[in-house]
Structures are given as C-alpha cells and as structure tokens.
1. Which residue out of 292, 214 is more than 29 Å from residue 344 (Cβ to Cβ) and either without any contact (Cβ under 8 Å) to a residue 24 or more places away in the chain or open to solvent by less than 40 Å² (accessible area, probe 1.4 Å) (or both)?
2. Taking the condition more than 30 Å from residue 79 (Cβ to Cβ), open to solvent by less than 50 Å² (accessible area, probe 1.4 Å) and part of a strand (DSSP E or B), does residue 151 pass?
3. Kindly evaluate residue 227 against the criterion of being at pLDDT 90 or above, small (Gly, Ala, Ser) and under 23 Å from residue 190 (Cβ atoms).
4. Right, residue 239: surrounded by fewer than 18 Cβ atoms within 10 Å (Cβ to Cβ) and either over 22 Å from the mean Cα position of the chain (by Cα) or part of a strand (DSSP E or B) (or both) or not?
5. Cβ-Cβ under 6 Å, sequence separation 6+ or interchain: first residue in region 472-487 and more than 14 Å from residue 436 (Cβ to Cβ) and touching a residue at least 12 places away in the same chain (Cβ under 8 Å), partner basic (Lys, Arg) and assigned to a helix (DSSP H, G or I). Which pairs?
6. Output the residue which, of all residues in region 517-535 that are under 15 Å from residue 135 (Cβ atoms) and in contact with a Phe, Trp or Tyr (Cβ under 8 Å, 6 or more places away or on another chain), is surrounded by the fewest Cβ atoms within 10 Å (Cβ to Cβ).
7. Quick one: count up the residues across region 260-277 that are open to solvent by less than 40 Å² (accessible area, probe 1.4 Å) and not in a loop (DSSP other than H, G, I, E, B).
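The values are calculated or read from the model by the stated rules, or taken from the named source; none is laboratory data. This one's a predicted model, so the numbers in the text were calculated from it and none came from an experiment. All Cβ positions, even for glycine, are placed from backbone atoms using ideal geometry, and neighbour counts span all protein chains on display. The accessibility values were calculated without ligands, DNA or RNA, using every heavy atom of the protein model including side chains. Shrake-Rupley method; radii C 1.70, N 1.55, O 1.52, S 1.80 Å.
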Amino acid sequence: MLKVFLVEDEVIVREGIKNNINWREEGFEFAGEASDGELAYPLIQKLKPDILITDIKMPFMDGLELSRLVRQELPDIKIIIVSGYDEFDYAKEAISIGITDYLVKPIAGAKLLEAVKKVGKIIDEEQQQRLFLKTFERERLENIHLAKQKIFRSLATGKKSVSELLKEAWEVGLDLAANRYNIVLLQIFSDGEMDSYSEEQNAAVKEIEEMTERRSGVLMVELGIEGWAFIIKETGEKEKLEQILSEFLEKLQEIIRGYNGIEYFGGVGRAVGRLGELNRCFEEANRAFSYRYLIRRNQIIYSEEEKNGTIMDEKLKLSSLNVINMDRKVVERFLKTGLKSEVRHFIDEYFVSVGEGNVQSYLLRQYVTMDIFFATVSMLGQLGYESKDLVDRCGDFQTMTTVFSSVEQTKAYLRGVFEAAIDLREAVSQRKYSSLLKDARVYIEQNFDNEEISLNTVAASVNLSPNHFSTIFNQETGQTFIEFLTHVRMEKAKELLRGTSMRMSEIAYAVGYKDAHYFSYLFKKTQDCTPREFRAQI
C-alpha cells in the first residue's frame, strides 16, 4: 500500500484532505502530516512516503524548498504541489525541481484523489519496471556465468574457430581481442580442503572479482571445483603483458593473504600472440597448476620454472634411490582432488621427482606402482569401495609382467589406475552433489514464497559458493536457478488458480511476488496464457 504524506499550513484544508478521503479504501495509507516544510522534512526522512502532497506558500520553509530537499535525498518520492497561486513562475520552478503534478486551489477531494491515483499508477509502473530489471539482471548474470565457462572450455580445447569464439564472447560482453595473451589458473583452499567453503573464502573471491572487474586487461572465469581462470591481455602499447600479469598477481596474493584460514595455489602459462594459441597456453598453465599436489601451497608457479626444473628443487629432491623420501601424501592428495585432465602431468612430474635415472630400475618401478596402487585402494576404501572395484577396471599388476617392462608401460598402467580411481571418486561426489541439490530443492520448495530468496541464499543453505552452486545446479537439472525457481512458483500459482478463489494479487504474493503485474507477466511468459485465462480454462 502506497504511503501519502501531507504538508499544508491551513488547518481546515489539511483536515479536509486528511478526513474527507477514505485513503485506505482507495488503496493508500495516510502516513503523516505537518503544517510547514521545516516540521515535515524530518518526518519525511523517517517515514519515507511514496507520495508527498505539499502547499507552496507556507511559513518557515515553503513547498518548493521542501521539494528540493526531498528530491535531493529521496528522489523516488513523487511530489504533488497544491497552490493557490496560479502563476507561471511557480509552475516553471516546480517543473525544474521534478514535481510530478501541479494543482491549483481550490481543489475538490475527487480531483485530488484522481491526481494521487494517477501518481500511484506511475509509481506502480516504475516498481514493476525495477522488478523486471532486477530479475532480468539476475538471469543475465547467471547465464553469463555459465556462458563464460563454455567459452573458456572452447578456448582451452581449441575446438572452435577464432571467429566463433569472438562472436560468442562478444554476446556475453567479453572482449577477447588483444596483442598477446596469458592464462593464470587459481585454486583457493578453505581450511586446507579443496571442496569446502567458508565465509572467509567467499569474501576473498568476491574481493578478487571486484578487483578483476576494475582491470581492463584481465578476464575472470569461474570453473567450479577446478577453481578460477584468468585471461591476461595486452591490449595496447602502454603496458606490456608481463607488467599487467605481475601487477595482477601481486594484488591477487595481497587480497588472499588478508583472509585467515585460506590457502591458494596458482599456475601461469607461457605468453602467446594469437587467440587461437590459447589452448597451448592453457596446457602450459595447467601443467604448472598440477604442481599444487606436489609442492607447498601459497605460491604461484610459472610454466617456465617447470621447464627449467626449478620447481622440484624446492621440495622434492628425490634424486637417490632412498624411497623413504617419497611422500605418499602427495599421491593421496591427488587421488582426493585431482582431475582426469591432470593425470598425465602428475605422473610425469612424480616420476621426475623420484629421479629420471632411478625409474629405469625395474624394482623401483614395481615399488612405486605397488605404493600408488595401495594408496589408491586405501582412498577408495574410505569411500566405501573394495580393492576388487579397482582390479576389475585396471587388472592386477601382479599378473601383468608387461606393466614393468618399460617406464612408459608403467606410466600407462598408473594412468589407468588414477583415472579409474577418479571415476569412482566422482561417482561418490555426484551422489554427494545430488544430495546437496536435493537439499537445495527442499529449501526452494519451503521458501519460494519469500521474495528475498536468491542464488546466494540457496547456495549458502548447502554450504557452497554461489558460482559453484550455479554450475552444478545447471549441470544436474539443465536449468538455471532462476528458471527452476520460476517453475516452482508458477506450478504453485496454478494450484492456487485451480483450487482457490484467491484474487490475482493474493496469489502473486503467496508465490513470492509483491507486484501482481510482474507475476502476470511471468505467468503469461512461461505458461502462454494469463492467470485469468488459465483459471477460465478450468
């Protein structure tokens, strides 16, 4: 119900306007009154009415001065000037202030009510437009988030032409044109775990997003459980790619260090000069990124370091046959969180950590393979599997002499072990995500009538970041969150239309829409008929 506030110094006129119109019956709330602008202003600040009716000529502070103050501080309030001075200068000044209507005394109650209703209609239309824009923006942002992921996957695989990539990127507001490019892959860990989320982590990610948006040379893409990708662009002559990258990474690490309980790891590719070469840049970045399983966290590794062999010198100096130095936790960490796309890199670098000369030993290859096999069985056992589940997929290496016949054969077998383990692990994760999404659906079913329900509130209810939740929700249901929420609301609305005599405005409110016009618009958009037409069909 729209609130009306009246400012009039003549008591008889003020009482007449207040009492001779049944404001509530006409759909308005008479929120307050004052005899001049000076007394009215603090009340208006407190009550925040939708419509202000004010006389012009008043003591202490006149109506025009009050209108200027109100327009400056509360620009959404609609102002109706009522004046006994039918002079052009007053009307002209009122128009310059932004007055909605100008009425000349004496004015009958019916005429004033007509003007108020006219202004109320304008307010309703503006509120409806804001709702349209708000919902459209939420849908747009969620769709852009998913579209960015698809575009980056295409860039990383090199399966689409440059013209296709540029067109798809342009459609979601991404400018991919540049002189040179690089890619940074980043993962943030909350309390040491890759798949857990915390308020600290979400706050850090939000600050990183805001920082990235301010940098024209950096594009950020959320990759779900894999973390984030940043495309670094050199777009002009002033700043070189290396400078843009260095300043960005410095600021990135500064932000993360400002939060307790979170760690990070990043991998940087090698610069390329063409958009079509970004798949090669991604491969380099991903190779460096895979070291998050092998070395300490809280650092960003460049692919050049990996090429020069400087990474392994930091921690895993296993150049002798002393197998005690081999860290089984490295294998266990990868088994818990690694991706199938990273298996080849991980095995290659793990063998490097053991020592290129050492892995030529038949006995050492046997030991490494057995150790990894038992670590895999142990990890799968924690997930509810038996060793037979792994053997059925990979075979028993004890009866496969070819497994140890060469380094490459051993690597090939281990790749199979890791990939099988990841498949089994992902099956469990999928069940976990299915359970989380089931909980999310229950939350939506129980709260769909709350206008404030959003992607953020639902994601928080299942302890996932909004972007991660959006990704898995879309993958699982084939719908965006907004599409699913709208579907739930429309189905409930149809139930109410079929089974009750509730008015349209009541049904709209009951399914989470304060604005009945917006509800009708969405109903027609999704059901191909208006609510009244749907009810008439029953």
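1. Numbers: 292 fails: more than 29 Å from residue 344 (Cβ to Cβ).
Just one listed residue meets the conditions, 214.
2. Values: more than 30 Å from residue 79 (Cβ to Cβ): yes; open to solvent by less than 50 Å² (accessible area, probe 1.4 Å): yes; part of a strand (DSSP E or B): no.
No; evaluated as a whole, the condition is false for this residue.
3. Numbers: at pLDDT 90 or above: no; small (Gly, Ala, Ser): yes; under 23 Å from residue 190 (Cβ atoms): yes.
The answer is no for residue 227.
4. On the way: surrounded by fewer than 18 Cβ atoms within 10 Å (Cβ to Cβ): yes; either over 22 Å from the mean Cα position of the chain (by Cα) or part of a strand (DSSP E or B) (or both): yes.
In short, yes.
5. Sorted first by the residue in region 472-487, then by its partner, the pairs are 482/138.
6. To start, the set of residues in region 517-535 that are under 15 Å from residue 135 (Cβ atoms) comprises 517-526.
From what's left, in contact with a Phe, Trp or Tyr (Cβ under 8 Å, 6 or more places away or on another chain): 518-519, 521-523.
Numbers: 518: 19, 519: 25, 521: 17, 522: 22, 523: 27.
By that ranking, first place goes to 521.
7. Residues of region 260-277 open to solvent by less than 40 Å² (accessible area, probe 1.4 Å): 262, 264-269, 272, 275.
Filter once more, so that each one left must be not in a loop (DSSP other than H, G, I, E, B): 262, 264-268, 272, 275.
Of the residues in region 260-277, 8 are open to solvent by less than 40 Å² (accessible area, probe 1.4 Å) and not in a loop (DSSP other than H, G, I, E, B).
Conditions (1) open to solvent by 50 Å² or more (accessible area, probe 1.4 Å); (2) closer than 28 Å to residue 337 by Cβ, marked per residue:
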{"position": "439", "(1), (2)": "yes, yes"}
{"position": "443", "(1), (2)": "yes, yes"}
{"position": "449", "(1), (2)": "yes, no"}
{"position": "476", "(1), (2)": "yes, yes"}
{"position": "491", "(1), (2)": "yes, no"}
{"position": "499", "(1), (2)": "yes, no"}
{"position": "506", "(1), (2)": "yes, no"}
{"position": "512", "(1), (2)": "no, no"}
{"position": "537", "(1), (2)": "yes, no"}
